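Student: So that we are looking at the same thing, I have put the structure below in structure tokens.
A short reminder: the numbers here are calculations on the coordinates, not readings from a lab. Computed from a predicted model, the values in this text were never measured in an experiment. We place every Cβ from the backbone using ideal geometry, glycine too, and count neighbours over all the protein chains shown.
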There are 2 protein chains.
Amino acid sequence: MTSPPRDFSRLCIHTMTTKPWAFEEAVRRYAAAGVAGVTVWRSDFADLGPAAAGELVRSHGLSVVSLCRGGFFPADSAGGRARAVDDNLRCIDEAAALGAPHVVLVCGSAPGLALAESRRQIAEGIAAVLPHAAASGVKLAIEPLHPMYAADRSAVSTMSQARAICSQLKSPWLGIAVDVYHTWWDDRLEDEIRRSGSEGTLLAFHISDWRTPVADILEDRGVMGEGCIPIRQIRGWVQEAGFDGFNEVEIFSRRHWASEQARYLEGIKAAYLAHS
Amino acid sequence: MTSPPRDFSRLCIHTMTTKPWAFEEAVRRYAAAGVAGVTVWRSDFADLGPAAAGELVRSHGLSVVSLCRGGFFPADSAGGRARAVDDNLRCIDEAAALGAPHVVLVCGSAPGLALAESRRQIAEGIAAVLPHAAASGVKLAIEPLHPMYAADRSAVSTMSQARAICSQLKSPWLGIAVDVYHTWWDDRLEDEIRRSGSEGTLLAFHISDWRTPVADILEDRGVMGEGCIPIRQIRGWVQEAGFDGFNEVEIFSRRHWASEQARYLEGIKAAYLAHS
């Protein structure tokens, strides 16, 4: 069995995890708590702009781990698809200004389109922005989303489908973000992580937990240990596959957002050591 | 493209679809509406008993298509697993008395158990009751459930996993129930249906639709046409694979349960012709 994390040197937190905190407060609190990295959401720098947001993070001794999120490529019109490409080009610019090594892609899905067509449009959209990503020194990380989001958020539901797009587009600037919440149910996960590692496409690792029953399809994720995901086992697979990046805590939870956030952050740190 | 159904001769309705109606009323209403078959839930015959329930269905000119539901095999104690086996033996007896050709298995999952261990226990549980199923002339239909139920309702999330159990236990009394709600997202679905057909294990076909966004993880299914599932296409795959049984409408929906059920039933019939 993989060992528990020894310290917080690989702990990253997504700002959305502590949504009640404004960006500046989140960064300050994370730094004070000894968290090592932060994944920034685009809404975080609406006022500051991405460059100043990146400076703020680094001035607190934290690493910018990733920018969330680009994607949402499929649309039922050529105009819609072109707008998505434009938005992703902007997102890449923002990541470069922020100093984020990669952008997480929630690839999108359109309820009126067949899933296979949506995946075709996703590959097409990524292909359209990859040269700009490469020129900007920003990688793109396809995040397979749980099949319960297949209709409206991501037609890429599995690591296999993400790997297929990586294989098709073959670029050192394209890879995969593995999120245990989205992928833990998949009996091919261990094998897919191994393959992705050997192909050099493992870019990010997100952790949270699956509560039973899930009270809300979007905003009822659990802190590590509150659910049934074998997080440590999956982290072991990811590490054995060669991944040595951050463990990113990404929790959307109305229940936790309603709690006192400083205490919640301490709970996350304890859970990180005990259950990831 | 597969043709629309010409009539209601293959239309079956699960009694849970019109939950506000007591069993007798449901049967009477379905018969009056020209529905051909009914899938009975175990709670339906709490008063009547299964034999009288079967008589009631047949006396209205309807076929008993299936009994819902057995399963829930995994447990964290041997005692729990033995109780599950006992309950499934009783369920098989009830199906025989009811005159149902098969029992649908919602296989179960225990949050504390690894999914692979749950699937092992599921195969073990099915193996324990298969001889009684065969002796009773009742088939068992494994229903893969959507991965969003992997933690607590079914560690069997895909057709591939259901086929693996069928291959392991190899019995003419064991097969698969394909439900579009649970399987539509799977890019291997067409291929898996073809394989299942050639292996002779396609026992049942359930239809409903996936609404966006899903308001409730359990009770927000849509009537055919209210969502994004390519129901007719999947029905085509099932038919091409040799399935010639009923198309079973199984909708759990608080929204529709709160509506006038006779009008709802008419809406289901219209949607059946238009969207399945």
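Student: Step through the table entries B:Lys139/B:Lys170; B:Lys139/B:Lys269; A:Lys139/A:Lys170; B:Lys19/B:Lys269, compare each Cα-Cα distance with 19 Å, and write down the pairs that go over it. It would help to have the intermediate numbers written out before the result.
Tutor: Numbers: B:Lys139/B:Lys170 13 Å; B:Lys139/B:Lys269 28 Å; A:Lys139/A:Lys170 13 Å; B:Lys19/B:Lys269 17 Å.
Where the Cα-Cα span goes over 19 Å, the pairs concerned are B:Lys139/B:Lys269.
Student: Follow-up question, since we're still on this one. What shape does region B:138-276 have by the C-alpha gyration tensor, where a ≥ b ≥ c are the square roots of the eigenvalues, rounded means a/c under 1.5, and otherwise prolate means a/b greater than b/c and oblate the rest? Numbers along the way, then the final one.
Tutor: Numbers: a/c = 1.97, a/b = 1.55, b/c = 1.27.
Because a/c hits 1.5 or more and a/b exceeds b/c, region B:138-276 counts as prolate.
Student: Moving to a separate point now. So which DSSP H runs in chain A come out at 27 Å plus along the axis (Cα) with average Kyte-Doolittle of at least -0.5? It would help to have the intermediate numbers written out before the result.
Tutor: On the way: long enough: A:78-98 (30 Å, -0.10); A:115-136 (30 Å, 0.32).
Answer set is A:78-98, A:115-136.
Student: B:Ile13's amide H: which non-local residues (gap 5+, or another chain) put their own amide H closer than 5 Å, with H modeled 1.01 Å from N in plane and none for Pro or chain starts?
Tutor: When sequence neighbours closer than 5 places are left aside, the close amide H contacts are B:Gly37, B:Val38, B:Thr39, B:Val249.
Student: Which net charge results when you count Lys and Arg as +1 and Asp and Glu as -1 among the other residues whose beta-carbon is under 14 Å from that of B:Trp237?
Tutor: -3
Student: Which order do peptides B:217-228, A:96-107 fall in by mean Cβ count within 10 Å, highest first? Provide the component values of the computation, followed by the final result.
Tutor: Details: B:217-228: 19.8, A:96-107: 24.1.
For the peptides B:217-228, A:96-107, the packing ranking is A:96-107, B:217-228.
Student: Find out how many positive minus negative residues lie around B:Cys91, taking Lys and Arg as positive, Asp and Glu as negative, among other residues whose Cβ is under 12 Å from that of B:Cys91. Spell out each step's value before the answer.
Tutor: On the way: positive: B:Arg42, B:Arg69, B:Arg90; negative: B:Asp86, B:Asp87, B:Asp93, B:Glu94.
So the environment of B:Cys91 carries a net charge of -1.
Student: Per residue of B:140-148, what is the mean number of Cβ atoms on other protein chains within 10 angstrom of that residue's Cβ?
Tutor: Numbers: counts 0, 0, 0, 0, 0, 0, 5, 11, 9.
Other-chain Cβ atoms within 10 Å of each residue's Cβ, averaged: 3.
Student: If you take each beta carbon of peptide A:216-229 and count the beta carbons of other chains within 10 angstrom, what is the mean? Walk me through the intermediate numbers first.
Tutor: Numbers: counts 3, 7, 2, 0, 1, 0, 0, 0, 0, 0, 0, 2, 10, 2.
Mean partner-chain Cβ count within 10 Å for A:216-229: 2.
Student: Grab the eigenvalues of the alpha-carbon gyration tensor for the protein assembly as shown, scale each by 5, take roots, and send me the semi-axes largest first in whole angstrom. Could you put the intermediate results ahead of the total?
Tutor: Working: eigenvalues 408, 128, 89 Å².
Listed largest to smallest, the semi-axes of the protein assembly as shown are 45, 25, 21 Å.
Student: Starting from the Cα gyration tensor of region B:120-210, multiply each eigenvalue by 5, take the square root, and state the resulting semi-axes largest first in whole Å. Walk me through the numbers before you get to the answer.
Tutor: Numbers: eigenvalues 90, 44, 27 Å².
Those come to 21, 15, 12 Å.
Student: Between A:Leu202, A:Leu140, A:Leu48, where does the largest GNM mean-square fluctuation fall for chain A, given springs only between Cα atoms within less than 10 Å?
Tutor: In the Gaussian network model the winner is A:Leu48.
Student: Related question: Under the rule of -39500 (n - 2.57) per DSSP H run of 4 or more residues, summed and divided by the residues of chain A, what mean residue ellipticity at 222 nm is obtained, to the nearest 500 deg cm²/dmol?
Tutor: Computed ellipticity for chain A at 222 nm equals -13000 deg cm²/dmol.
Student: Using a Förster radius of 41 Å, what is the FRET efficiency between B:Arg83 and A:Glu124 based on their Cβ-Cβ separation? Nearest 0.05, please. Working shown, then result.
Tutor: Numbers: r = 53 Å, r/R0 = 1.30.
So the FRET efficiency works out to roughly 0.15.
Student: Here is a follow-up. Using a cut-off of under 11 Å, list every residue of region A:180-215 whose amide N is near the label point 7 Å from the Cα of B:Leu218 along the Cα-to-beta-carbon line.
Tutor: The answer is A:213-215, whose backbone nitrogens lie closer than 11 Å to the label point.
Student: Measure out, as a whole number of angstrom, how far apart the alpha-carbon centroids of region B:5-47 and region B:251-276 sit.
Tutor: 12 Å
Student: Distance between the C-alpha centers of region B:73-125 and region A:123-139? Whole Å please.
Tutor: Region B:73-125 and region A:123-139 have Cα centres separated by 49 Å.
Student: Tell me the trypsin sites (Lys or Arg not before Pro) within region A:122-183 that lie in a loop according to DSSP and have at most 11 other beta-carbon atoms within 10 Å.
Tutor: A:Lys170
Student: While we're looking at this one, here's another question. Express in % the proportion of alpha carbon pairs of region B:26-115 at distances exceeding 17 Å. Spell out each step's value before the answer.
Tutor: Numbers: 2093 of 4005 pairs.
So the pairs more than 17 Å apart make up 52 percent of the total in region B:26-115.
Student: Hey, got the average number of other protein chain Cβ atoms within 10 angstrom for residues in B:105-113? Spell out each step's value before the answer.
Tutor: On the way: counts 0, 0, 0, 0, 3, 2, 7, 2, 1.
The per-residue average across the peptide is 2.
Student: Please work out the ratio of the alpha-carbon Rg of chain A to 2.2 N^0.38 Å and round it to two decimals.
Tutor: The reported ratio for this selection is 0.94.
Student: On to the next question. Quick one: net charge of A:Ser43's neighbours, Cβ under 15 Å, K/R +1, D/E -1? List each step's numbers first, then the result.
Tutor: Numbers: positive: A:Lys19, A:Arg42, A:Arg69, A:Arg90; negative: A:Glu24, A:Glu25, A:Asp44, A:Asp47, A:Asp87, A:Glu94, A:Glu250.
Cβ neighbours under 15 Å give a net charge of -3.
Student: Still on this model: Set the Förster distance to 35 Å, then compute FRET efficiency between B:Arg194 and A:Ser167 from the Cβ-Cβ distance, nearest 0.05. Walk me through the numbers before you get to the answer.
Tutor: Values: r = 24 Å, r/R0 = 0.70.
It comes out at approximately 0.90.
Student: Between copies, how far does the label point of B:Ser9 sit from its twins, in nm, shortest first, when each point is 7 Å from Cα along Cα→Cβ?
Tutor: 7.4
Student: Which FRET efficiency, nearest 0.05, do A:His60 and B:Ala116 yield, Cβ-Cβ r, R0 35 Å?
Tutor: On the way: r = 43 Å, r/R0 = 1.22.
E between A:His60 and B:Ala116, to the nearest 0.05, is 0.25.
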